[in-house]
Amino acid sequence: MKKILLVIQREYATRVRKLSFWILTILVPLLLAGVYAIPIFLATNSIEHVNVMVVDDSGVFSGQFVSSHDITYIDAANLTYAERQLKEQDTIDAVLYIPARTTTIPTDAFLYYRSDKPTTQVQSDVDNQLQTLLRDNILLDVHNISAEDYAMITKTRITLHQLDLETGRDGFLQVKIILATVLTIIIFMIIFMFGSQVMRGVAEEKNSRIVEVIVCSVRPFQLMMGKVIGIGLVGLTQFALWLTLSGVAVGVLQASNSELFEQARQQINISEVATKGSEATAQMAAADQQGLASELMQGLASIDFGIILLMFLFFFIFGYLLYASLFAAIGSLVDADTDSQQFTLPVTIPLMLPMLLMPAMMNAPSGPLATWLSIIPFTSPIAMMFRIPFGVPIWQIALSMSLLLATFPLCTWIAARIYKAAILYYGNKISYRDLFRWMKQKR
Amino acid sequence: MLQIENISKSYGTFQALRDINLHVERGRIFGLLGPNGAGKSTLIRIINRIALADSGRILLEGHPMTDDDVRHIGYLPEERGLYKKMRVAEQAIYLARLKGLSRNDAEQALHKWLQRFEITSWANKTVEQLSKGMQQKLQFIVTVMHSPQLLIFDEPFSGFDPVNANLLKQEILRMRDEGATVILSSHNMASVEELCDDIALINASHVVLHGTLQEIRAQHPSMSLNDIFIQTVSQQNS
């Protein structure tokens, strides 16, 4: 027992002291903060002011385009003049041309621009205003409907509420899908990354031949488990640091840039107003915007992160233990010259399966595929993390947990048998027949 | 000290050792000789309990050897190996603690050996920063640091220059004089003649020669150990 502690200590200390450990520890939260911050910076900083000249030969839109903070619309008398301006004046960035009508309702419009200017923002702004103005024109001028009717048509909206059958409340499906995807990717990454580290560590010990000295002091099983546990603790440490640092990074970002955040929010609202064109739709858009934000907040608030964290730790620890010992066995098969590919695949395929089947699970988080994947021990750690945000019946969680708890000692036992024999075996290429022989033999 | 009784071992259809009987006396240097593939390394692994014999037994001080007894063996394998990225002191202390030394004792022992080899300045270098010869020295220190009663050296002089090889020989003799028992496997007959008190020659999984150096010399008058080796092996193979 004392020896296994020494091995754990060495594995942990040598890895935690590595520069790469700290780079990864800092990089992930920075990346996360970046993902969080980039849209805000883009919303506040990236927009250059654009002048669009409007030539309306149809007479439907004249003077009705609404300029915004970023885009100014200027009416021009004819296309020839506007085109010359576009060619000669740096201040004019695009020309919108609506030809004379051949029917009551115009069907085509053209946007001319200099090759460096067609930002998607300008395009979508022009397009949105065209559609809204055209609709207003049809309703108010062609069909002559009253102002009340107009308001009713444009302001009325039906909101679709998604209700969970059991709780009778909003299920916040979108939020859950995002959360499920994130959790699945994280647990897969951690198990795969640290499992591979076990494999490389074992292969290193075998190929540097130090293992022959060490197995004189420590039983191979102790050496293997020491490595598996030591690296697992490194994984837990990294996860804890990620969690803390990400929290700190996002917090700092929010506190130090509260002005920026506020600005960004307003910016989004203003451009929404501009795109919708009319007052009525602008209000609706603002309401929509707030609705989405509050749905996100409510959605996140409705989720019990304590339970998710506990589940994550359980499925990470035992999923890792299951796979790490198998990775250790593979590492022991790696000889300097032979490649380990043929032995790696049978272990990585079940690990990747839930990732590959995620789109199918997304369609039916409680369907038979997702349910089975979350119960079968080799896929359960990853598939279960996908299902947890959607709510999983207690009996399924209990079954999945007990099967995992029962399987990992069995896997470790088989892995240890192979490891013991293979770690001191050099030279010939190892076949699957050797593996079965080793599983049965003693020493 | 060490009694090897009727040891046989086969790997699949290949018989690596057949009914080996040897006796290693306390406080002596025992030369284990034999051509490549004769089964020396297998025998050493069985003594170290890295491998288990199919039949026969190994007695240490009259009792069957246990995993715990292996702690008192110092083993220098033919294929050397250390953690390349670990520092010298850290690695030596780790390996000594695995052998059961306390941290304090390990630190003291390491200090003593680094001084004896005049290499105290290496302590904080990583192994990959050392030359091959330096790594060999460290490997030797790691083998003897826990003052084992039984030492097993497999080709200890390979990779050493004559000066350092001599340094090693002096250390081996000194440890013998201090009461340790040494099993030395080597193809270097000059070193064997110089150091060993007893020798055994294994060929094709059998013991073909066993006795004190003087006895064997007396049986083959006016022949060098090298010639005795070649003659015995070729007689047996024909």
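The values are calculated or read from the model by the stated rules, or taken from the named source; none is laboratory data. On a predicted model such as this, the values are computed, not experimentally measured, just so you know. Positions of Cβ are generated from backbone atoms using ideal geometry, with glycine treated the same way; all protein chains shown enter the neighbour counts.
Overview of values
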{"read-out": "Within segment B:26-77, strands (runs of 3 or more DSSP E) holding 2 or more residues that are over 19 Å from B:Q15 (Cβ atoms), more than 15 Å from the chain's Cα centre (by Cα) and hydrophobic (A, V, I, L, M, F, W, C)", "value": "B:55-60"}
{"read-out": "Qualifying positions in segment B:92-112 - more than 14 Å from chain A (Cβ to nearest Cβ) and buried (at least 20 other Cβ atoms within 10 Å of the Cβ)", "value": "B:L110"}
{"read-out": "Any pair with Cβ under 8 angstrom, 6 or more apart, that starts in segment A:107-125 at a residue that is assigned to a loop (DSSP other than H, G, I, E, B) and ends at one that is among the aromatic types (F, W, Y) and modelled with pLDDT of 80 or more", "value": "A:A109/A:Y97"}
{"read-out": "Where A:E148 falls short, out of the listed (1) surrounded by 14 or more Cβ atoms within 10 Å (Cβ to Cβ); (2) not in a loop (DSSP other than H, G, I, E, B)", "value": "(1)"}
{"read-out": "Checklist (1) more than 9 Å from chain A (Cβ to nearest Cβ); (2) modelled with pLDDT under 90; (3) surrounded by 14 or more Cβ atoms within 10 Å (Cβ to Cβ) applied to B:D68, failing item", "value": "(3)"}
{"read-out": "Residue check, B:F30 crowded, with 21+ Cβ neighbours inside 10 Å and among the aromatic types (F, W, Y)", "value": "yes"}
{"read-out": "Among the candidates B:I44, B:I29, B:I20, residue that is touching a Phe, Trp or Tyr at 6+ places or on another chain (Cβ under 8 Å) and either closer than 24 Å to B:I216 by Cβ or at pLDDT below 85 (or both)", "value": "B:I44"}
{"read-out": "Residue that is closer than 20 Å to B:G81 by Cβ and touching a residue at least 40 places away in the same chain (Cβ under 8 Å), where the choices are A:M199, A:M225", "value": "A:M199"}
{"read-out": "Some residue of segment B:72-82 being more than 8 Å from chain A (Cβ to nearest Cβ) and surrounded by fewer than 18 Cβ atoms within 10 Å (Cβ to Cβ)", "value": "yes"}
{"read-out": "Near pairs, Cβ below 8 angstrom, 6+ apart or cross-chain, from segment A:228-240 (at pLDDT 95 or above) to any residue that is in a helix (DSSP H, G or I) and of a type in the set (D, E)", "value": "A:I229/A:E11; A:G230/A:E11; A:I231/A:E11; A:V234/A:E11"}
{"read-out": "Pairs where the first residue, in segment B:43-54, is within 10 Å of chain A (Cβ to nearest Cβ) and of a type outside the set (S, T, Y) and the second is assigned to a helix (DSSP H, G or I) and crowded, with 21+ Cβ neighbours inside 10 Å, C-beta under 6 Å, 6+ apart", "value": "B:A51/B:R45; B:A53/B:I46"}
{"read-out": "Qualifying residue in segment A:415-427 (condition: without any contact (Cβ under 8 Å) to a residue 60 or more places away in the chain, over 30 Å from B:E79 (Cβ atoms) and not small (G, A, S))", "value": "no"}
{"read-out": "Which numbered condition B:A89 misses (of (1) within 14 Å of another protein chain (Cβ to nearest Cβ); (2) within 30 Å of B:Q231 (Cβ to Cβ))", "value": "(2)"}
{"read-out": "Helices (runs of 4 or more DSSP H) fully within segment A:339-443 counting 3 or more residues that are among the polar types (S, T, N, Q)", "value": "A:341-356, A:394-422"}
{"read-out": "Output for segment B:205-216, where each listed residue is farther than 22 Å from B:R18 by Cα and surrounded by 17 or more Cβ atoms within 10 Å (Cβ to Cβ)", "value": "B:L213, B:I216"}
{"read-out": "Residue list for segment B:92-113, restricted to those being assigned to a helix (DSSP H, G or I), more than 18 Å from B:N124 (Cβ to Cβ) and over 21 Å from the mean Cα position of the chain (by Cα)", "value": "B:N104, B:D105"}
{"read-out": "Output for segment A:203-240, where each listed residue is among the hydroxyl-bearing types (S, T, Y) and within 8 Å of chain B (Cβ to nearest Cβ)", "value": "A:S208, A:S217"}
{"read-out": "Residue within segment B:121-131 that is in contact with a strand residue (DSSP E or B) (Cβ under 6 Å, 6 or more places away or on another chain) and within 14 Å of chain A (Cβ to nearest Cβ) present", "value": "yes"}
{"read-out": "Residue match in segment B:158-176 (condition: within 14 Å of another protein chain (Cβ to nearest Cβ), surrounded by 14 or more Cβ atoms within 10 Å (Cβ to Cβ) and in contact with a helix residue (DSSP H, G or I) (Cβ under 8 Å, 6 or more places away or on another chain))", "value": "yes"}
{"read-out": "Qualifying positions in segment A:1-22 - closer than 22 Å to B:I93 by Cβ, within 12 Å of another protein chain (Cβ to nearest Cβ) and either of a type outside the set (V, I, T) or loosely packed, with under 15 Cβ neighbours inside 10 Å (or both)", "value": "A:K2, A:K3, A:L5, A:L6, A:Q9, A:R10, A:E11, A:A13, A:R15, A:R17, A:K18"}
{"read-out": "Residues located in segment A:188-213, provided they are more than 24 Å from A:S20 (Cβ to Cβ) and either under 31 Å from the mean Cα position of the chain (by Cα) or in a helix (DSSP H, G or I) (or both)", "value": "A:E212, A:V213"}
{"read-out": "Only one of A:T91, A:T25 that is part of a loop (DSSP other than H, G, I, E, B), more than 14 Å from chain B (Cβ to nearest Cβ), touching a residue at least 24 places away in the same chain (Cβ under 8 Å) and not aromatic (F, W, Y)", "value": "A:T91"}
{"read-out": "The lone exception for B:L52 - which of (1) surrounded by 19 or more Cβ atoms within 10 Å (Cβ to Cβ); (2) farther than 30 Å from B:E128 by Cβ; (3) at pLDDT below 90; (4) not polar (S, T, N, Q) it fails", "value": "(1)"}
